[in-house]
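Engineer: Structure in structure tokens, see below.
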Amino acid sequence: MEIKQKKFSNHHTYTFESEYVNFAYKDKSGSGDFDFNYADFPEKSSITIEQNEWLRNVGILWCLLGCYRIGSAVYSGSSLSGTSLWLVLGVICLIWFAITKVKYSVFKTERGNVFVIQDKNHENIVSELNKRKKDQLLAWYGAVNPENDKENEIEKFRWLEQQNVMTNDEAEKKIAEVEFAHKDPDLKPQELN
């Protein structure tokens, strides 16, 4: 499965393999890609906004210059013809600044930062990564291993619950299985109570 995102010069491709995802990116500053396991996808993210500060600053400056020229013309009683050019150019720059803004959710993994453009595919990508993360963690850690230490096994299922991989009820059932698997076989039935 593959999902692509494109906004202006930013191109992101998420290739979902069975055990990992490949995140490939290309923008005006370069390109690259890396793989990471679904289990490494973090719960929390930050937000980054890419915008052209130059357009905003020039737009504000030209709007101020245009207002000054219009005000001067009105004050001196001269013709308003051509005085609004700077104001119009400033407004165009500010509109272009607002349109070209790109907002990302940034997920930090050990292999690198995963930038998900906040567009119509954003929720699909994040939910697919979370679904596959849950499936991978359950495949790796979801079964009771009676050879492991009892406390380590219990902690494992508490951790899976904290990662939202298991509900509280599912974790409690697994913990009960762990406790049953680690009961002392030398105890008589009346001692178990």
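Engineer: With every protein chain kept in place and ligands, DNA and RNA left out, what is the accessible area per residue of the chain? Probe 1.4 Å, answer in Å².
Structural biologist: Roughly 65 Å² per residue, with all protein chains present.
Engineer: Of the peptides 131-140, 40-49, how do they stack up when ordered by the mean number of other Cβ atoms within 10 Å, highest first?
Structural biologist: Packing order, densest peptide first, comes out as 131-140, 40-49.
Engineer: A follow-up question, please. Could you look at segment 41-122 and say what percent of its accessible area is carbon and sulfur, using a 1.4 Å probe and all protein chains?
Structural biologist: 63 percent
Engineer: While we're looking at this one, here's another question. Distance cut-off 29 Å, Cα to Cα: go down the list 103/174; 156/183; 108/150 and report the pairs above it.
Structural biologist: Numbers: 103/174 41 Å; 156/183 18 Å; 108/150 32 Å.
Pairs exceeding the cut-off: 103/174; 108/150.
Engineer: Moving on to the next point. Report the per residue volume, in Å³, of the convex hull enclosing the C-alpha atoms of the chain.
Structural biologist: Dividing the Cα hull volume of the chain by its residue count gives 163 Å³.
Engineer: Loop-only trypsin sites (Lys or Arg not before Pro) in segment 45-126, please: DSSP not H, G, I, E or B, and at most 11 other Cβ atoms within 10 Å.
Structural biologist: Answer by residue number: 120.
Engineer: Given an 8 Å cut-off on Cα distances and at least 6 residues of separation, report the relative contact order of the chain as a percent.
Structural biologist: Relative contact order for the chain comes out at 18 percent.
Engineer: Could I ask something else about it? Specify whether the C-alpha gyration tensor of segment 28-117 places it in the rounded, prolate or oblate class, a ≥ b ≥ c being the square roots of the eigenvalues: rounded for a/c under 1.5, otherwise prolate if a/b is larger than b/c and oblate if not.
Structural biologist: prolate
Engineer: Among residues other than residue 46 whose Cβ falls under 14 Å from its Cβ, what is the net charge (Lys/Arg +1, Asp/Glu -1)?
Structural biologist: +1
Engineer: Treating the angle as unsigned and between 0 and 90°, give the value, to the nearest 10°, between the Cα long axis of helix 168-181 and the longest Cα principal axis of the chain.
Structural biologist: On a 0 to 90 degree scale, this one is about 30.
Engineer: In degrees from 0 to 90, rounded to the nearest 10, what is the angle of the helix 53-76 Cα long axis to the longest principal axis of the chain?
Structural biologist: 30 degrees
Engineer: Could you work out the local net charge near residue 36, counting Lys and Arg as +1, Asp and Glu as -1, over the other residues with Cβ closer than 12 Å to its Cβ?
Structural biologist: Result for the local shell: -2.
Engineer: While we're here: What is the distance in Å between the Cα centres of segment 1-36 and segment 77-97?
Structural biologist: The distance from the Cα centre of segment 1-36 to that of segment 77-97 comes to 41 Å.
The values are calculated or read from the model by the stated rules, or taken from the named source; none is laboratory data. This structure is a prediction, so every number in the text was calculated from the model and none was measured. Don't worry about glycine lacking a Cβ; one is built from the backbone with ideal geometry, like all the others, and counts go over all protein chains shown. Protein only, heavy atoms only, side chains kept; ligands, DNA and RNA dropped before computing areas. Shrake-Rupley method; radii C 1.70, N 1.55, O 1.52, S 1.80 Å.
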